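The values are calculated or read from the model by the stated rules, or taken from the named source; none is laboratory data. Computed from a predicted structure; not experimentally measured. Cβ placement follows ideal geometry from the backbone for every residue including glycine, while neighbour counts extend to all protein chains displayed. The accessibility values were calculated without ligands, DNA or RNA, using every heavy atom of the protein model including side chains. Shrake-Rupley method; radii C 1.70, N 1.55, O 1.52, S 1.80 Å.
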Amino acid sequence: MAKVILKNFTKKFKDIVAVDNLNIEIEDKEFAVLVGPSGCGKTTTLRAIAGLEEATEGEIYIGDRLVNDIQPKDRDIAMVFQNYALYPHMDVYNNMAFGLKLRKLPKDEIDDRVKEAAEILGIDNLLKRKPKELSGGQRQRVAVGRAIVRKPKVFLFDEPLSNLDAKLRVAMRAEISKLHRRLETTIIYVTHDQVEAMTMASRIFIMNEGRLQQSGSPLEVYKQPANKFVAGFIGSPAMNFISTKIVKEQEEYFVDAESFKLKIPSLFYSYLSPYVNKEVIFGVRPEDIHDQEFFPELAKANIIETKVEVIEPLGAEILIYLMCGKHSMVSKVDNRTHSEVDQKLKVVVDMEKTHFFDPETLLTII
């Protein structure tokens, strides 16, 4: 197995900069996820690691070897594509064995590798079927199996679950995570789905417009986003952002949004003191806005009177879209909440879990 390092990696397509001076280091046996919106450069980065795209600038290392000028077949990687890319005229066994036959491995070794991979993935009863006889999830397992039999240093996954239905995606997320623990190999996984990134990764690399925005463990980037983009991208539903002013009254700090005022915890004061009487962007996640009736322990100074616009029951919780003056926000509340559209609802904000962003740089203040 091996670590993967990109140093000052840049990829340009004529005048378009797809990836701009990217520096990342993925450790041996790590499950790294490159995540970001469409067009952010994550798939281009993955294809460059695989050797399917040439670096315009910078260096790519797999293990201790610089691979910029090494052909894809000699990089000791295996890639799983979004569209499975199975040979329709071959059965499952031969789809998985094809790459090994090209490498002229002994027949017995090919047979052992294919059967071992099929058993790991639970498709050993499908080896004689053609791709057209398989479901989407089974085809994806075959594509993964074709990568496993290679026994590469690095596995590359390019949005492998995007063609599956929601229920199957959840199941396959768990399967790939279990596979990583069993194989103890380096995996680089690309997705635009932040839920996939949060649930599968040991470390997330968040990209936007060709640049790395932040890297860290899933909980680290959730709790301590580096900027407004990361804060809004990680978490579902997205964080609420409200333009407000920081005001100071009798040595206490408040968020003043005109239609509501919230008391700021004292541990935030040192960070926010340069912003007193200035505009900031106030960020609060939907899960930190509660129905006041069920959270009496939170400070009464942080209650907002709102009007209910839309209600989305999800079973264990309820999403409520709220209006307060000119500000709209989403709250993820306890399913005991009884509220109807156009009714008033008092909500309370857990201020210790809120965030503040500089309106000019969009970087996190606290």
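Measuring between alpha carbons in the structure, the pairs from LYS167/LYS326; LYS228/LYS346; LYS7/LYS167; LYS278/LYS326; LYS167/LYS344; LYS12/LYS153 lying more than 30 angstrom apart are LYS167/LYS326; LYS7/LYS167; LYS167/LYS344.
Give me the percent of the accessible area of region 178-229 that comes from carbon and sulfur atoms, probe 1.4 Å, all protein chains in place. Walk me through the intermediate numbers first.
On the way: 1080 of 2340 Å².
Of all accessible area on region 178-229, carbon and sulfur atoms account for 46 percent.
Rolling a 1.4 Å probe over the protein heavy atoms gives region 194-287 an accessible area of 44 Å² per residue.
Placing R0 at 56 angstrom, the Cβ-Cβ distance between GLU360 and ASP108 gives a FRET efficiency of 0.25 after rounding to 0.05. Could you list log10 I(q)/I(0) for region 232-366 at q = 0.18 Å⁻¹, which the Debye formula gives when each Cα is one point scatterer? These q points yield log10 I(q)/I(0) values of -0.99.
The alpha-carbon of LYS104 sits under 17 angstrom from the alpha-carbons of these lysines, leaving out residues fewer than 8 places away in its chain: LYS73, LYS151.
In this simple spin-label approximation, LEU267 and ASP74 carry label points 7 Å from Cα along the Cα→Cβ vector, and these lie 5.5 nm apart. Between the Cα long axis of helix 136-148 and the first principal axis of the chain there is an angle of about 60°, rounded to the nearest 10. Considering all different alpha carbon pairs of region 32-125, the Kirkwood hydrodynamic radius works out to 15.8 Å.
Here r is the Cβ-Cβ distance between MET323 and LEU168 and R0 is 30 Å; the resulting FRET efficiency, rounded to 0.05, is 0.20. Axis of helix 107-121 versus longest Cα principal axis of the chain: the two differ by about 20°, to the nearest ten degrees.
Using the Cβ-Cβ distance between LYS130 and GLU209 with R0 set to 41 Å, the FRET efficiency from 1/(1 + (r/R0)^6) comes to roughly 0.45. Does the chain come out rounded, prolate or oblate, given a ≥ b ≥ c as the square roots of the eigenvalues of its C-alpha gyration tensor, rounded meaning a/c under 1.5 and, failing that, prolate meaning a/b above b/c? Cα axes put the chain in the prolate bin. Under the convention that each Lys and Arg Cβ holds +1 and each Asp and Glu Cβ holds -1, the size of the dipole of region 217-366 around its Cα centre is about 220 debye. Please give the Cα centre distance for region 209-268 versus region 1-38, rounded to the nearest Å. Here the two parts' Cα centres lie 27 Å apart. Solvent-accessible area per residue in region 96-175 equals 51 Å², computed with a 1.4 angstrom probe and all protein chains kept. When a 1.4 Å probe is rolled over the protein heavy atoms, the share of accessible surface on region 1-96 that falls to carbon and sulfur comes to 46 percent. Listed values for region 34-46 are Karplus-derived 3J(HN,Hα) couplings in whole Hz (6.51 cos²θ - 1.76 cosθ + 1.60, θ = phi - 60°), namely 8, 10, x, x, 4, x, 7, x, 5, 5, 4, 5, 4, and x replaces Gly and Pro.
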